[in-house]
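Novice: Here you go, one structure.
The values are calculated or read from the model by the stated rules, or taken from the named source; none is laboratory data. Everything numeric here is computed off the predicted structure, so don't read it as measured data. We place every Cβ from the backbone using ideal geometry, glycine too, and count neighbours over all the protein chains shown.
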Amino acid sequence: MAGVRVQHPTARNVRYTVVEPDIPYPVPYQCTPPAIGGCGSTHLFKTHHLNLDDTGAVLIGDGLFERIKGRLALDGFRVTGAVAKPPTVTLGAPSLLRPGIPILASPHSMEPR
């Protein structure tokens with residue numbers, strides 16, 4: 001599966017959350033703690049957690065990118081390239097295990113109340 005590299009203009013080394021408000025969970029979902037890849041919040045709608053690196057960049061799969069690209073554009077992300085074969089990410093990968101990582105919610109893509 002190919003991917004798209006996007007970059008935020010100012011956010012660095014954060015876990016950025018983007019909500020798809022048109023995809024509700026059947027029951028509230030308790031997200032995993034930040035130390036193991038989540039944000040620790042209770043989600044009512046499909047929420048994606050993007051781990052931005054020290055340049056504000058992250059790779060996103062083509063399918064997900066197509067669904068959230070409008071929200072990302074509103075938040076100032078820009079596409080910086082395509083990746084034909086992104087590296088495989090598995091649960092417990094060192095890139096996910098970041099205790100104390102700041103959580104930054106998209107101001108244009110928050111959970112409806």
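Novice: Which strands (runs of 3 or more DSSP E) does the range 25-113 wholly contain that include 1 or more residues that are at pLDDT 85 or above and more than 19 Å from GLY3 (Cα to Cα)? Don't jump to the end; show me each part of the working.
Specialist: On the way: elements: 42-51, 57-61, 78-83, 103-105.
Where strands (runs of 3 or more DSSP E) fall fully within the range 25-113 and carry at least 1 residues being at pLDDT 85 or above and more than 19 Å from GLY3 (Cα to Cα), they are 42-51, 103-105.
Novice: Please specify each residue of the range 1-24 satisfying the condition of being assigned to a loop (DSSP other than H, G, I, E, B), under 13 Å from the mean Cα position of the chain (by Cα) and hydrophobic (A, V, I, L, M, F, W, C).
Specialist: ALA11, VAL14
Novice: Can you tell me which residues in the range 9-54 are surrounded by 12 or more Cβ atoms within 10 Å (Cβ to Cβ), within 23 Å of PHE77 (Cα to Cα) and of a type in the set (Val, Ile, Thr)?
Specialist: Once the filter is applied, which keeps residues that are surrounded by 12 or more Cβ atoms within 10 Å (Cβ to Cβ), within 23 Å of PHE77 (Cα to Cα) and of a type in the set (Val, Ile, Thr), the range 9-54 yields VAL14, THR17, VAL18, VAL19, THR47.
Novice: Just to be sure I understand, how many residues within the range 1-13 are touching a strand residue (DSSP E or B) at 6+ places or on another chain (Cβ under 9 Å) and more than 15 Å from ILE60 (Cβ to Cβ)? Working first, answer last.
Specialist: The initial filter retains those residues of the range 1-13 that are touching a strand residue (DSSP E or B) at 6+ places or on another chain (Cβ under 9 Å), namely 1-9, 11, 13.
Checking which are more than 15 Å from ILE60 (Cβ to Cβ) leaves us with 9, 13.
So the count comes out to 2.
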